[in-house]
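Enquirer: Dropping a structure here in structure tokens format, bear with me for questions.
The values are calculated or read from the model by the stated rules, or taken from the named source; none is laboratory data. Worth saying up front: this structure is predicted, and the values here are computed from it rather than measured. Neighbour counts are summed over all protein chains in view; Cβ atoms, including those assigned to glycine, are modelled from backbone coordinates with ideal geometry. Ligands, DNA and RNA are stripped out before the accessible areas are found, and what is left, the full protein with its side chains, is counted by its heavy atoms. Shrake-Rupley method; radii C 1.70, N 1.55, O 1.52, S 1.80 Å.
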Amino acid sequence: MQAVFTTDVLVIGGGLAGERCAIEAATDGHDVVLLSLVPPRRSHSCAAQGGMQAALANCVKGAGDNPTVHFLDTVKGSDWGADQEVVRIFVDQAPIAVRELAHFGVPWTRVRPGKNSYFIKGERVDISEPAEKVGLLMHRDFGGTAKWRTCYAAAGTGHAVLYAVDGEVVRLGVSVRDRMEAIALIHEDRRCWGAVVRCLRTGKLSTFLAKATVIATGGYGRIYGQYTTNATINEGMGAAIALDTGVVPLANMEAVQFHPTGLMPSGILVTEGCRGDGGHLLDKHLHRFMVDLEPEKQELASRDVVCRHMMEVIRDGRGVETPYGPHLWLDLRHLGEQHLTTKLREVYEICTEFLGINPVHDLVPVRPTQHYSMGGVRVNKDGQAYGMTGLFAVGEASCWDMHGFNRLGGNSLAETIVAGRVIGRRVAQFARANELDVSTALAVRYQRQQQKRIAGWLARTRSGPSVYAIRDAIAETMIRKVGIFRTGSELEQAVEELSKQLRLVDQATLRAKSPGMNPELTFALRLRGFARLALVTAVSALARTESRGAHARTDYPARDDAHWLSRTLARWPQDAKEPVLSYEPVGLIDLPPGHRGYGKVESVDMTDSVEEYNACVETAWRRQGALEPVEPIGASMQWGSWRAAEAETEQRRRA
Amino acid sequence: MIEPRHEASGRKLRFEIFRYNPVDPSSHPHMDTFELGETPYMTLFIALHRIREEQDPSLQFDFSCRSAVCGSCGLLINGRPGLACHTRTADLPDTIRLHPLPVFKLIGDLSVDTGSWFRQMAQRVESWIHEKVPFDPKAQEARMDDDLARAIYEGERCIECGCCVASCGVANVRPQFVGPAGMNRIARFMMDPRDERTDSEWFDVVSSDEGVFGCVGLMACHDICPKGLPLLEVYAYLRRKMLAKVMTPLAREAEPSKRQSSKM
């Protein structure tokens, strides 16, 4: 049976980015079909504990904040790898986006009247919040920011936001198809027309044809196996099917963020809010090492900096040895039972439920763990994929690119909503301006190809490796050789090992042949894409001979703005054995590269002037397949606005 | 899954797992038995993945976040509904019997369709804010007392895992019953001053046998809830509100305004 469905907009992925995008398209009157591996409320967005950065300046420690200060923090955090225009769009829209969520019903934590007790750099501080701010959205402190800016709903921001946004999706009548997986994009002559979809209830195939297709499938942390905070569903299949087209590039795949506080041994995330609220990191001698290593920011330096210090301490033999490998301690005891059981309740529950320890009295075992994929499907500022009309990407699955080589805490959840609104509007405009002018024969052809692929897996009888053995081998290579610290020789080994695993995919055999969704077949269909994502990550990391943000090369420790102020693009041409890399400028530069204010200082300066660099951006992007955005490149820049903000912040800091 | 393989307790665990694949005409409901050596920190998340990857790759079950926030992995564990991901084998006897949650449609083995159930519930109780005014992107956010925000967040903590529904004597026999999770949703919106629905409007949804007065008071939901939601108080709150509604004119005194009556 060849089931073919049509719609205006097909959104692949039911997390926050996909849902917010669907709302925008549905509000504009389009028919929207939203596919999700799980019921949308079970998407990984629900696990975001921390919050959303938006410069509202509602509390005393946020005084003087504005979108430009947020812009400065984000560009510095990205180690100048971000597209500064996209950052500008983001910081300007973030306050509106969080207020809209309040309107949707998110129970944001509010400014409380009178004296409030906070922990700042380990000290208890009493601050009186002014009466005129009482009841507005409260902020908490997150790493890498000049101000308290992160809006939050107790310790379950992602959950609360996802439920509110999904409520809107239900209200608008978006056709949500859960347990449905897009396994191939349908495209012809660089125009995308939807996807071939496999039902995870019955195993049946169908095709969904659409004017506009949106990839919103989140990150690919599972290529790191158990060494990730990501959910089991975060296998990056949206990025993988985009790569399969042969023309759409993935960008900055080497930019992988590790989170300082993944819980041992399962990798469950313990929120940055722990450090924001005053938690300490200790070595095995219970010494607070971050005070020595980063006297200014201490535990609140940006994530990449904290992770690298933690790994150095572990390499020095100051980690706590366990059968699962070494770890460090997170000390929350001084925050007290009241604080831990209310403001950090989810953390408290994770410790008691999963480890059987009580953070009120016990130290929490943590280690740096893969957390976030800065890289993804390369899109222009409207969310349109390079090289493919009608295909969009949004959220963690995309490289928009506001995070560059390091994302700040509180900026990813905010990105899902802000980008969902901005890109959703562009998707709606695109769907309005275009017809569904496609032959169903194309759909049938693509569906047959996938049927053949499935039949191939089921028919393979010779004895080969299991799909899980290949997956585990990939994960071991990734954490050992493409982890926090990278060197050329290890990366070369990684590329070799991953290439071998990719070749093995074609020999792997299934043991389960049962009809229906067949969990082993379901994973097998992802395996080639999974191996390709890992290989692209390693190849990109090997090629980039500098250190920038989360990409730390011990053999090239300096950030090299003379050669590497660029974005990596990786394509996988049809039938090629390996990816092909190319590079493009990061975007128009307003804030020139400088010191981040934390972390290493070593860097090689740009040889071009900023003006020379900026003059080449548009042509270089077009050459890489960037589509024309609705508004010209640079239209949202606010040239030079950062100067006043930086001067003001500096003045306040001195005072 | 790369889990440490060494033994901890030395216990040999025996898993008896319900099997049935409705898509396969040759499949019939039955129990399969698997043995597994217990490892340190072992949870049912770790155990079920090991069984699938080492012993029977056709075994169906659901996980996503594996940190008790996504609500995917509700199961009957030795007859009691609970989340598999945060159930430590150390807390269980040598023999562990696993069944899919009742009430929900079976997808296969331990996997059930909670998504469709909760979606119809969301449509039925209109689980979104019925706003009083349209969103103004230029305006400052409306103020809210932080204690009220916290109270709403309490109700918002439900992860829709379905354990309460599976444990509910009424939901097991009356498909139309809105269920404890549904009641909790309703209470969450009733106390939210941003929602314009009045108690009279809620009365139609809540006051029938399919709503709060259908509950026969076994309160297994309250005991079972993996997130520790105070469902007993939720029911009491709703009954109180509904009684106040019918007992006019006393109602006017008992229910001065949404804002003040928000604390459960």
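Enquirer: Any residue at all in region A:131-138 that is open to solvent by 20 Å² or more (accessible area, probe 1.4 Å), free of Cβ contacts under 8 Å to residues at least 60 places away in the same chain and small (Gly, Ala, Ser)?
Expert: Within region A:131-138, one or more residues are open to solvent by 20 Å² or more (accessible area, probe 1.4 Å), free of Cβ contacts under 8 Å to residues at least 60 places away in the same chain and small (Gly, Ala, Ser).
Residues are listed down the side, and each one gets a yes or a no for (1) open to solvent by 20 Å² or more (accessible area, probe 1.4 Å); (2) at the interface with another protein chain (Cβ under 10 Å from one of its Cβ atoms); (3) free of Cβ contacts under 8 Å to residues at least 40 places away in the same chain; (4) over 15 Å from A:Leu413 (Cβ atoms):
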site: A:Arg20; (1), (2), (3), (4): no, no, no, no
site: A:Glu24; (1), (2), (3), (4): yes, no, no, yes
site: A:Leu37; (1), (2), (3), (4): yes, yes, no, yes
site: A:Ser78; (1), (2), (3), (4): no, no, no, yes
site: A:Pro95; (1), (2), (3), (4): no, yes, no, no
site: A:Ser117; (1), (2), (3), (4): yes, no, yes, yes
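Enquirer: Any residue at all in region A:43-51 that is touching a Phe, Trp or Tyr at 6+ places or on another chain (Cβ under 6 Å) and at positive phi?
Expert: Taking every residue of region A:43-51 in turn, at least one turns out to be touching a Phe, Trp or Tyr at 6+ places or on another chain (Cβ under 6 Å) and at positive phi.
Enquirer: Hey, another quick one. Tell me, please, whether a residue that is buried (at least 23 other Cβ atoms within 10 Å of the Cβ), within 14 Å of another protein chain (Cβ to nearest Cβ), out of contact with any Phe, Trp or Tyr (no Cβ under 6 Å at 6 or more places or on another chain) and not in a loop (DSSP other than H, G, I, E, B) can be found in region B:198-211.
Expert: No, region B:198-211 contains no residue that is buried (at least 23 other Cβ atoms within 10 Å of the Cβ), within 14 Å of another protein chain (Cβ to nearest Cβ), out of contact with any Phe, Trp or Tyr (no Cβ under 6 Å at 6 or more places or on another chain) and not in a loop (DSSP other than H, G, I, E, B).
Enquirer: Restricting to region A:375-392, give me the number of residues that are within 12 Å of A:Ala251 (Cα to Cα), in contact with a strand residue (DSSP E or B) (Cβ under 6 Å, 6 or more places away or on another chain) and not in a strand (DSSP E or B).
Expert: The qualifying residues number 2.
Enquirer: What number of residues within region A:435-478 are of a type in the set (Asp, Glu), in a loop (DSSP other than H, G, I, E, B) and in contact (Cβ under 8 Å) with a residue 40 or more places away in the chain?
Expert: Qualifying residue count for the region: 1.
Enquirer: Within the set of pairs 6 or more residues apart or between chains, which connect a residue that is away from every other protein chain (no Cβ under 14 Å) inside region A:304-325 to a residue that is among the hydroxyl-bearing types (Ser, Thr, Tyr) with Cβ atoms less than 7 Å apart?
Expert: Pairs that qualify, where the first residue is away from every other protein chain (no Cβ under 14 Å) and the partner is among the hydroxyl-bearing types (Ser, Thr, Tyr), are A:Val305/A:Tyr598.
Enquirer: Another question about this same structure. Can you pull out every residue in region B:12-60 that is among the small types (Gly, Ala, Ser) and buried (at least 18 other Cβ atoms within 10 Å of the Cβ)?
Expert: Within region B:12-60, B:Ala47, B:Ser58 qualify.
Enquirer: Taking region A:143-170 as the search range and keeping residues that are among the charged types (D, E, K, R) and assigned to a loop (DSSP other than H, G, I, E, B), which one is farthest from the other protein chains (Cβ to nearest Cβ)?
Expert: Selected residue: A:Lys147.
Enquirer: Out of curiosity, is A:Arg367 basic (Lys, Arg), at pLDDT below 95 and assigned to a loop (DSSP other than H, G, I, E, B)?
Expert: Considered against the rule, which asks whether it is basic (Lys, Arg), at pLDDT below 95 and assigned to a loop (DSSP other than H, G, I, E, B), A:Arg367 comes out as no.
Enquirer: Return the residues of region A:482-516 that are surrounded by fewer than 21 Cβ atoms within 10 Å (Cβ to Cβ), charged (D, E, K, R) and in contact (Cβ under 8 Å) with a residue 40 or more places away in the chain; say none if nothing qualifies.
Expert: Once the filter is applied, which keeps residues that are surrounded by fewer than 21 Cβ atoms within 10 Å (Cβ to Cβ), charged (D, E, K, R) and in contact (Cβ under 8 Å) with a residue 40 or more places away in the chain, region A:482-516 yields A:Glu492, A:Arg511, A:Lys513.
Enquirer: Out of (1) in contact with a Leu (Cβ under 9 Å, 6 or more places away or on another chain); (2) open to solvent by less than 20 Å² (accessible area, probe 1.4 Å), the odd one out for B:Arg188 is which?
Expert: For B:Arg188, the failing item is (1).
Enquirer: Is it the case that region A:610-633 has a residue that's crowded, with 18+ Cβ neighbours inside 10 Å and in contact with a helix residue (DSSP H, G or I) (Cβ under 7 Å, 6 or more places away or on another chain)?
Expert: Yes, region A:610-633 contains a residue that is crowded, with 18+ Cβ neighbours inside 10 Å and in contact with a helix residue (DSSP H, G or I) (Cβ under 7 Å, 6 or more places away or on another chain).
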